[in-house]
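The values are calculated or read from the model by the stated rules, or taken from the named source; none is laboratory data. All of these numbers come straight from a predicted model, not from anything done at the bench. Here the Cβ positions follow ideal geometry from the backbone for every residue, glycine too, while neighbour counts run over all protein chains shown.
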Amino acid sequence: MAKSFDVVVIGGGPAGYVAAIRAGQLGLSVACIEKWKNPQGKMALGGTCLNVGCIPSKALLESSENYEKLEHKFADHGITVKGAAIDVAKMQSRKDMVVGKMTGGIEFLFRKNKVTWLKGHGKFTGKADGGYQIEVAGDEGIEVVTAKNVVIATGSKARHLPNVPVDNITVCDNEGALAMPAVPKKLGVIGAGVIGLELGSVWRRLGAEVTILEALPAFLAACDESVAKEAWKQFTKQGLKISLGVKIGEVKQDKKGVTIDYTDAEGKAQKLECDKLIVSIGRVPNTDNLGLDAIGLKTNERGMIDVDGHCRTLLNGVYAVGDVVRGPMLAHKGEEEGVMAAELIAGQKGHVNYDTIPWVIYTNPEIAWVGKTEQQLKAESVAYKTGSFPFAANGRAWGQGEPDGFVKVLADAKTDRILGVHVIHAHASEQIAEAVLAMEFVAASEDVGRTSHAHPSLSEVMKEAMLAVEKRAIHN
Ligand code: NAI
């Protein structure tokens, strides 16, 4: 007799494991199918984010930033260190330790919330008793389970270039880029998006000569233009070489490394030779080999599963969340959708406010934003006011030796409702949370401007930028 659950979640990344935990909290019987094995052959929850994405990359960012501080910043504080060296193997094993803690933490949360982890690859095999039948193929063989409700949370994988095989040793996607055993002398990166900039920065800080080739003529086109301009200034000053408007031609690999033929923005033929190459040109949803045909579900032209604003598919009881559906491929967006799906299944009124999902790029300075950019408001003919405030006018930022960057606020010209907030600063990922909360509560810029912010703190810059909307910032 097949095991039966109220909810089966396929995929144990941030969207899926959160859906499973929330369903467990709500008293539903729930299983989560996950097949991930780490390089040591141990099965692990957490998906791309915890195993080969957000969490390991932040561990390496911290290590490389510490090294850069030691090399270039500590002397300003009167601290000198002789004989600083990098032990990449130790850096990588610390990263593995952080990943192990986080993935193990989810196993604990599953036990706490009575979520059954079905280890293996999940695939629909048909409909059953008003629900769905799913086959789980694992190391121990095949198990068939049934579920009244299913949440598809199978995530995404790196998009590769045609005819450029990724071995994750010399030509890498996110997995190999996070696992390099030594600092490459020359590192090439194709794609100046979030992964290219974050990982390009990590290896540059550790001493690699990094060249990034980007197809689009504009840098960070999704960001507010003023932030993209500042980021370009900072990143190129740090030594990242970025070429925009390129067209990648042949990519050849030999024993010495990789050669990339490309044409530059002027149409001139160019050649980049490097020891290692990172290909970071976006991600594609994992919707193949899921047995969608068996239940009559199709993917769209982008390989995604079509859903409504509540992540419901065309089939009763089947939801899809995270990277397999429309919207940004961000872990926290998937988490919100996972909670929503579980709550809807439990008969509650789940909801996601897609207008207040923050974006963060973990470079240094970090870039974070929520809501509209100035160019979007112009294109939509919305009348707006703007205020910005530099970290260079903040005492705490100087104390920390991080005075670069600013906060920019866009507010409705008539109602003063906050429409967008953009931060570029070393700690932008933490500061954006205040703006998200303000927008979630439909705050006016004046509401935040009149709120007391601790002194001295970086958060004062947010307050002052809000005050600047009415040209009444105090310290600028
Ligand atoms: P991305 O979409 O951020 O950037 C890809 C870049 O590659 C784009 O600028 C694109 O124009 C360029 N590109 C595409 N084809 C190209 C070609 N043939 N030649 C040269 N350039 C080309 O994708 P990325 O960086 O691979 O990240 C994948 C996903 O992972 C993103 O959707 C992102 O949301 C998510 N992610 C989020 C992070 C965060 O929130 N901090 C961190 C890492 C990943």
Restricting attention to the range 326-368, the residues that are of a type in the set (A, V, I, L, M), under 19 Å from the mean Cα position of the chain (by Cα) and more than 13 Å from the ligand (Cβ to nearest atom) number exactly 2
Counting only residues that are closer than 9 Å to Ser280 by Cα and either free of Cβ contacts under 8 Å to residues at least 12 places away in the same chain or buried (at least 17 other Cβ atoms within 10 Å of the Cβ) (or both), the range 157-196 contains a total of 12
Residue hits (the range 238-249; assigned to a strand (DSSP E or B) and either without any contact (Cβ under 8 Å) to a residue 60 or more places away in the chain or under 30 Å from Phe124 (Cα atoms) (or both)) are Lys241, Ile242, Ser243, Lys247, Gly249
Result of the Cβ filter at 7 Å on the range 124-153, keeping first residues that are under 17 Å from Met1 (Cα atoms) and among the β-branched types (Val, Ile, Thr) and partners that are at pLDDT 95 or above and not in a strand (DSSP E or B), at least 6 apart or interchain, is Thr125/Gly291; Thr125/Ala294; Val136/Gly120
* Do the conditions hold for Val246, that is, is it touching a Cys at 6+ places or on another chain (Cβ under 7 Å), modelled with pLDDT of 95 or more, under 23 Å from Cys172 (Cα atoms) and within 15 Å of the ligand (Cβ to nearest atom)? -> no
Here the residues within the range 154-191 that are within 11 Å of the ligand (Cβ to nearest atom) and either of a type in the set (Lys, Arg) or touching a Phe, Trp or Tyr at 6+ places or on another chain (Cβ under 6 Å) (or both) are Lys157, Arg159
If you go through Ala23, Ala44, the only one that is buried (at least 24 other Cβ atoms within 10 Å of the Cβ), touching a residue at least 12 places away in the same chain (Cβ under 8 Å) and farther than 21 Å from Asp87 by Cα is Ala23
Exception for Lys127 within (1) assigned to a strand (DSSP E or B); (2) under 20 Å from the mean Cα position of the chain (by Cα) falls at (2)
Residue set Gly46, Gly78; condition over 13 Å from Leu178 (Cα atoms) and within 16 Å of the ligand (Cβ to nearest atom); output residue Gly46
Among strands (runs of 3 or more DSSP E) entirely inside the range 256-335, those with 1 or more residues being among the small types (Gly, Ala, Ser) and either touching a Pro at 6+ places or on another chain (Cβ under 6 Å) or not assigned by TED's automatic domain parsing to the domain that holds Ile21 (or both) are 257-263, 269-274
Among Glu209, Glu214, the single one that is at pLDDT 95 or above, more than 14 Å from the ligand (Cβ to nearest atom) and not assigned by TED's automatic domain parsing to the domain that holds Pro390 is Glu209
Checked Cys311, Cys274 against criteria (within 16 Å of the ligand (Cβ to nearest atom), of a type outside the set (A, V, I, L, M) and surrounded by 15 or more Cβ atoms within 10 Å (Cβ to Cβ)); the one match is Cys274
